[in-house]
Amino acid sequence: MYTQAMDTQGREPEDRNVRSLEEAHLQQRFDATIDDGGFIEAKDWMPQNYRRTLIRQISQHAHSEIVGMLPEGNWISRAPTLKRKAILLAKVQDEGGHGLYLYAAAETLGTSRDELLAALHSGKAKYSSIFNYPTLTWADVGVIGWLVDGAAIMNQVPICRCSYAPYARAMIRICREESFHQRQGFDSLLVMMEKGTDAQRAMVQDAVDRWWWPCLMMFGPPDDQSPNSAQGMRWGIKRVSNDELRQKFVDATVEQAKVLGVTLPDPGLKWNEARGHWDFGAIDWDEFWNVVNGNGPCNRERLAARVKAWDEGAWVREAALAHAAKQREREPQAA
Ligand code: BYC
């Protein structure tokens, strides 16, 4: 499946020695590049586990983008004004574009789009837990922009310096677009909080109450229970740990909540002078794993919607293939 075969089957023992010497040299060069904070390009040699880890993370990220289109897409036809509808349409289209950049970045590692999507459709591949929660009111759309995209940016800005260059490059553009997403969410909520009715303010508070804890879960399990973190950090794939990013998100969001005039639903939120950070209450990790393992409120619905879109797009893929075959047939005549 990968472009750099590692098997030595059928080789003579001397060949294997030469090969392992060569590999040791390549590994040394790879380690030195990583230690210097350098970048690995698609055609550079890389250890198989580095390649596998990147395929796992980038494809999960790509799946999150396209599954992430669903909760908000649900509100395009019910946006309250033409302006909000145009903004939401642009945002949801951006998420589709992010999915495409990321699938393309994963493909540079020697896997195929078909394989990646098959893993999503069979339920084998993970995507972000956050998209398995329902969008019950229009305020949820604003809160997704403010909190979900806010958490996404916090996590994704350090990935712009990821050691795998095609992923890092994709992330630079994605982060620029995500900051517009976060701003539009905050703006939409601010309008409701400042100029809205009591009922609209209550709707915003209710949405914040439902999304706050799932947003804290987006950053992944605590560092001491995160099996992939140590190696991911060593390889420069992850630059900042799950817990550090979660804390940065809490610190930034508490201040923004004050501007909005909403209450974050955590009685444990308290400024800790000694740490210079906000303390926060215990996260329900049972809920997180339940959602990750397929049993959240909307997991089945989300997967069914992706499979339906894939099945209904079969004619587009067939037409594209037929067109490409016709072009190939014409090529010799043109020559
Ligand atoms: N949901 O060892 P860990 C977005 C899994 S935003 C589901 O810490 P790692 C968007 C993890 O995969 C969201 N699964 O893993 C925003 C691992 O399982 P496997 C997408 C999760 O990789 C707005 C296991 O738990 N962002 O796209 O070192 C609108 C142990 O975790 C979650 C990204 O994907 C979760 N929340 O760290 C539209 C950013 N958290 O694979 C779209 C890139 C953990 O070993 N990804 N797991 O079976 C990352 O930065 C890292 O992969 C994570 C996890 C921080 C998410």
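Residues checked against (1) modelled with pLDDT of 95 or more; (2) of a type outside the set (A, V, I, L, M, F, W, C):
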| position | (1), (2) |
| --- | --- |
| His98 | yes, yes |
| Leu116 | yes, no |
| Leu136 | yes, no |
| Phe180 | no, no |
| Asp198 | yes, yes |
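Here's the yes/no breakdown for (1) within 16 Å of the ligand (Cβ to nearest atom); (2) within 30 Å of Tyr164 (Cα to Cα):
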{"position": "Met233", "(1), (2)": "yes, yes"}
{"position": "Ser241", "(1), (2)": "yes, yes"}
{"position": "Leu245", "(1), (2)": "yes, yes"}
{"position": "Lys258", "(1), (2)": "no, no"}
{"position": "Trp271", "(1), (2)": "no, no"}
{"position": "His277", "(1), (2)": "no, no"}
{"position": "Ala282", "(1), (2)": "no, no"}
{"position": "Pro297", "(1), (2)": "yes, no"}
{"position": "Ala325", "(1), (2)": "no, no"}
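If you go through the stretch 208-224 one residue at a time, do you hit one that is assigned to a helix (DSSP H, G or I), open to solvent by less than 20 Å² (accessible area, probe 1.4 Å) and over 26 Å from Pro71 (Cα atoms)?
No, that holds for no residue.
If I filter the stretch 83-125 down to residues being among the polar types (S, T, N, Q) and buried (at least 16 other Cβ atoms within 10 Å of the Cβ), which single residue comes out as nearest to Ser179 (Cα to Cα)?
In this case the residue turns out to be Thr108.
Somewhere in the stretch 142-164, is a residue in contact (Cβ under 8 Å) with a residue 24 or more places away in the chain and in a loop (DSSP other than H, G, I, E, B)? Before you say what the answer is, go through the steps one by one.
Here is the first cut: in the stretch 142-164, the ones in contact (Cβ under 8 Å) with a residue 24 or more places away in the chain are 142-155, 158-159, 161-164.
Imposing the further condition that a residue be in a loop (DSSP other than H, G, I, E, B) reduces the set to 162-163.
Within the stretch 142-164, one or more residues are in contact (Cβ under 8 Å) with a residue 24 or more places away in the chain and in a loop (DSSP other than H, G, I, E, B).
Hey, among Leu102, Leu116, which residue is closer than 29 Å to Asp31 by Cβ, within 13 Å of the ligand (Cβ to nearest atom) and in a helix (DSSP H, G or I)?
The conditions single out Leu102.
Scanning for something closer than 30 Å to Leu54 by Cα and either within 18 Å of the chain's Cα centre (by Cα) or open to solvent by 40 Å² or more (accessible area, probe 1.4 Å) (or both), does the stretch 187-194 turn up at least one residue? Don't jump to the end; show me each part of the working.
So the first thing to find is which residues in the stretch 187-194 are closer than 30 Å to Leu54 by Cα, and the list is none.
There is no residue in the stretch 187-194 that is closer than 30 Å to Leu54 by Cα and either within 18 Å of the chain's Cα centre (by Cα) or open to solvent by 40 Å² or more (accessible area, probe 1.4 Å) (or both).
The values are calculated or read from the model by the stated rules, or taken from the named source; none is laboratory data. Keep in mind that this is a model prediction, so the values were computed, not measured. All Cβ positions, glycine included, derive from the backbone under ideal geometry; neighbour counts span all protein chains shown. What goes into the accessible areas is simple: the full protein's heavy atoms, side chains included, and nothing from ligands, DNA or RNA. Shrake-Rupley method; radii C 1.70, N 1.55, O 1.52, S 1.80 Å.
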